[in-house]
Structure formats: structure tokens, C-alpha cells
1. Any chance segment 123-132 includes a residue that's within 30 Å of residue 179 (Cβ to Cβ), surrounded by fewer than 16 Cβ atoms within 10 Å (Cβ to Cβ), modelled with pLDDT of 90 or more and among the basic types (Lys, Arg)?
2. When segment 1-34 is examined, which residues are found to be more than 20 Å from residue 56 (Cβ to Cβ) and among the polar types (S, T, N, Q)?
3. Restricting to segment 135-152, give me the number of residues that are farther than 14 Å from residue 173 by Cα, surrounded by fewer than 16 Cβ atoms within 10 Å (Cβ to Cβ) and touching a residue at least 12 places away in the same chain (Cβ under 8 Å).
4. Which residues, counting only those in segment 133-148, are part of a loop (DSSP other than H, G, I, E, B), more than 18 Å from residue 55 (Cα to Cα) and not small (Gly, Ala, Ser)?
5. Can you name the residue in segment 48-64 that is of a type in the set (Asp, Glu) and in a strand (DSSP E or B) and, of all such residues, is surrounded by the most Cβ atoms within 10 Å (Cβ to Cβ)?
6. Would you mind listing the strands (runs of 3 or more DSSP E) fully within segment 1-47 where at least 3 residues are of a type in the set (Ser, Thr, Tyr), in contact with a strand residue (DSSP E or B) (Cβ under 9 Å, 6 or more places away or on another chain) and under 19 Å from residue 112 (Cβ atoms)?
7. Just to be sure I understand the filter: pairs with C-beta atoms under 9 Å, separated by 6 or more residues or on different chains, first member in segment 157-179 and under 12 Å from residue 144 (Cβ atoms) and without any contact (Cβ under 8 Å) to a residue 12 or more places away in the chain, second member of a type in the set (Val, Ile, Thr) and surrounded by 15 or more Cβ atoms within 10 Å (Cβ to Cβ). Which pairs pass?
8. For segment 10-28, which residues satisfy the criterion of being touching a residue at least 40 places away in the same chain (Cβ under 8 Å), over 19 Å from residue 99 (Cα atoms) and either buried (at least 18 other Cβ atoms within 10 Å of the Cβ) or in contact with a Phe, Trp or Tyr (Cβ under 6 Å, 6 or more places away or on another chain) (or both)?
Amino acid sequence: MKIATVVSSDSHLDYLARVVDSLDVATPPDADDFGFAQFVSMPIDDGPELVGIIYDSTLINPEYSNFGPRLSPKPDLGKFSPDFLNEQGLLLRILILGTRSEDGTDHGVPRRAAPAGQDVFALSADDVMRIHRGPDGRLRIHYYSQLTSHVGPASAPLVEAIIGQLEATADKADLGRLKVLNETLRWQRTIGGLRL
């Protein structure tokens, strides 16, 4: 399902995308489709698909500072000025974690960047598990250092949310590895919060 369109980037890995609304698509996404830690894909022409994760959001509301009177009541603005309704919106911060192709998934920095106007699609739970399986079938999170270095303070809750998604369909061996990672994160957050 298409959830957003890329509008800009802060780096090769960090993108800003605007959530699509009823003026863009017939069926706009629900709030659950573009929440924190939602995995997304960006199919690039003639190249592997970029895979990323939503790690932050920003509201845009140009109307907030406009205190002047309106000539039309709010319900009529859709008839007389339909673009007015489209000025408010939600911007998503997306971190690229790697690429996906028919050959499999690569975690890391992709060679290509997404262009402005690139469509962003939500990944299903099955697709999320597929991008985390290596050639040997074992669970992997090779983008961990990339995520922690780019996301900053929100990286620990983001990794915990990723672990929560992966635990839902992981096998017994992978559950044990995820549990160790989760306990390590909790320990780091606890000790890191202490001032000695």
C-alpha cells in the first residue's frame, strides 16, 4: 500500500516523505500504516528496491499562524479552494536500511539514492521477516550500527520496536537471540542513564 511520497532528504540514507491523503489517492492510508517503526520500501527504476524504516514524524500546518478572517466557512473551502486542504499534512522521517532484489536483501548503505517524488510503500509482516532472513535462513539485523548512528536518542526504542515485530514470527533459536539483544539494550539504557 502506498503511504507517502519522498519530498526531500537530509542525506543519502535519511529521507523526508509526505503522507498521501484523499487528494492524492482514492484510499488514503490509516494512521497504523505509517506509525513508528513501520518498515517501508521504495522501488527504484532499474535497480534494487530500497528498504527503510519510519523513525520520526513532523506535522505541517501553515494555517496555524494565519489569524485572519476567512471569506468562506471551513466546509466550503473544499469546493472553492481544494488545494487549501492539502497544505496541512504529516511528514515522515525514513532511514534507509538496505536494498531488496530477487537475489535477496542487503543490509547497509545502498549505492543509489531515491529521487524526489519517489513512492513509499508499507511492507507487510511477511515481507519484514523476509528482509531479515539471510541466505542461511537465520535472522539478521546487520543495519544495527547504521540505525544507532543515524537515529540518535530514538534508536533504542526503535530497535526494541523492531525486535517486537520480529518476535511475532521468529523461531525458537531466533527468539533466544532477540531476547539477548533486547536485554542488552535495556541494560545499556539503564547504565547509560546513570550519572557517575
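1. Yes: segment 123-132 contains one or more residues that are within 30 Å of residue 179 (Cβ to Cβ), surrounded by fewer than 16 Cβ atoms within 10 Å (Cβ to Cβ), modelled with pLDDT of 90 or more and among the basic types (Lys, Arg).
2. If the condition is that a residue be more than 20 Å from residue 56 (Cβ to Cβ) and among the polar types (S, T, N, Q), then 22, 27 are the ones that fit.
3. Of the residues in segment 135-152, 3 are farther than 14 Å from residue 173 by Cα, surrounded by fewer than 16 Cβ atoms within 10 Å (Cβ to Cβ) and touching a residue at least 12 places away in the same chain (Cβ under 8 Å).
4. Residues satisfying the conditions are 135, 136, 138, 140.
5. 49
6. On the way: elements: 2-9, 14-19, 39-42.
So the answer is 2-9.
7. Every condition considered, no pair remains.
8. 18, 19
The values are calculated or read from the model by the stated rules, or taken from the named source; none is laboratory data. Just so it is clear, the structure is predicted and the values come from calculations on it, not from any experiment. Using ideal geometry, Cβ is built from the backbone for each residue, glycine included, and neighbour counts are taken over all protein chains shown.
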